[in-house]
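The structure appears below as structure tokens.
Only the coordinates and a few stated rules stand behind these numbers; no lab work does. Everything numeric here is computed off the predicted structure, so don't read it as measured data. Cβ atoms come from the backbone with ideal geometry, glycine included; neighbour counts cover every protein chain shown.
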Amino acid sequence: MKYANGVSYEGEWKDNNRHGQGIMKYANGNSYQGEWKDGKQHGLGRQTYSGCEYKEGQWETGKQVGEHKNYSKEGNLLELITYENGNEVKREKVE
């Protein structure tokens, strides 16, 4: 499904909502690939930034929760970021 704002979604649907596995690609080059529930990011997913760094972690009803791992494009772990209800509460650099 391609939207007028340049965003596209490929994946599973349920009751006209993104639901199950899918990938959302944004006009700025970022993307989210992972689990969806009732049209929102929910479960394990990977957020990629313009084809470079990426972050993996859990989402609940569209918000980041728990520990997310931020990686370089080569796959090296850079940071551990902790979220509560979509808000960043802790960031640790990995050496």
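Observations, loosely collected:
- Relative contact order for the chain, counting Cα pairs under 8 Å that sit 6 or more residues apart, in percent: 14 percent
- Along its three principal directions, the equivalent ellipsoid of the chain from the Cα gyration tensor extends over semi-axes of 24, 16, 10 Å, largest first.
- Phi-based couplings in Hz for segment 78-90 (Karplus 6.51, -1.76, 1.60; Gly and Pro marked x): 9, 8, 10, 10, 9, 10, 10, 6, x, 9, 5, 10, 7
- Applying a threshold of 18 Å to the alpha-carbon distances of 25/55; 14/37; 2/63 flags 2/63 as lying beyond it.
- Charge dipole (the chain, unit charges on Cβ, about Cα centre) - positive-most of 29, 54, 71: 29
- For the chain, the dipole from Cβ point charges (+1 on Lys and Arg, -1 on Asp and Glu) about the Cα centre works out to 260 debye, to the nearest 20.
- Amide H contacts under 5 Å for residue 53, placed H, 5+ residues apart: 73
- Proximity of backbone amide H atoms, modeled 1.01 Å from N, is registered between residue 78 and 70, 71, 72 at under 5 Å, excluding neighbours fewer than 5 places apart on the same chain.
- Burial ordering of 36, 13, fewest other beta-carbon atoms within 10 Å first: 13, 36
- Inter-site label distance for residue 15 and residue 77 at 7 Å from Cα along Cβ, in nm: 3.8 nm
- Residue-count net charge about residue 2 - beta-carbon cut-off 12 Å; Lys, Arg +1, Asp, Glu -1: 0
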